[in-house]
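Report on the structure given below.
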Amino acid sequence: MVRMNSLADALKTLCNAEKRHKRQVLLRPCSKVIVKFLTVMMKHGYIGEFEIIDDHRAGKIVVNLNGRLNKCGVISPRFDVTINSIEQWTKNLLPSRQFGYLVLTTSHGIMDHEEARRKHTGGKILGFFF
């Protein structure tokens, strides 16, 4: 089978490993979008360190889990999100205003919804985690 959405596969694998209380998980294939998404998750403390393994093919990522991730997922298709509609998206996707993040791809790079609001920029929604 052909992989249609490698980000969705990676996040589903991450979520399943977290449910099984694994300490590490291997994600493949590797892409720049997956690395940026994992960086946002690591910045907020939902996952531990991750290591990119270059095997001269698509690459692999080994992620250390810390047991804090409840759910993560992809929003497909990548809907346009304006600054005004960020609040509506967070209300629909996240369980509470206190925790959880939407991940947006903007002209300033891939970031969470709070940073996008601080930079006063909209973009397209990639996914969420909490």
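The values are calculated or read from the model by the stated rules, or taken from the named source; none is laboratory data. This structure is a prediction, so every number in the text was calculated from the model and none was measured. As a convention, Cβ positions derive from the backbone with ideal geometry for all residues, glycine included, and neighbour counts pool all protein chains shown. Note: areas computed on protein heavy atoms with side chains; ligands, DNA, RNA excluded. Shrake-Rupley method; radii C 1.70, N 1.55, O 1.52, S 1.80 Å.
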Env charge @ Met111, Cβ radius under 14 Å, K,R +1 / D,E -1, value +3
The rounded separation in angstrom of the Cα centers of the stretch 1-61 and the stretch 107-129 is 20
Per the C-alpha gyration tensor (a ≥ b ≥ c, the square roots of its eigenvalues), the stretch 30-77 is rounded if a/c is under 1.5, else prolate if a/b beats b/c, else oblate; here it's oblate
Heavy-atom surface of the chain, accessible at 1.4 Å and reported per residue (Å²) | 60
The stretch 20-114 shape via C-alpha gyration tensor axes, a/c threshold 1.5 | oblate
Based on the mean of other Cβ atoms within 10 Å per residue, sort peptides 123-129, 66-72 so the most packed one is first.
-> 123-129, 66-72
Treating the angle as unsigned and between 0 and 90°, give the value, to the nearest 10°, between the Cα long axis of helix 32-43 and the longest Cα principal axis of the chain.
-> 80
For His108 and Met1, what is the calculated FRET efficiency with R₀ set at 41 Å and r taken between the beta-carbons, to the nearest 0.05?
-> 0.70
Once both labels are modelled 7 Å past Cα along the beta-carbon direction, what's the Gln88-Arg68 spacing in nm?
-> 3.1
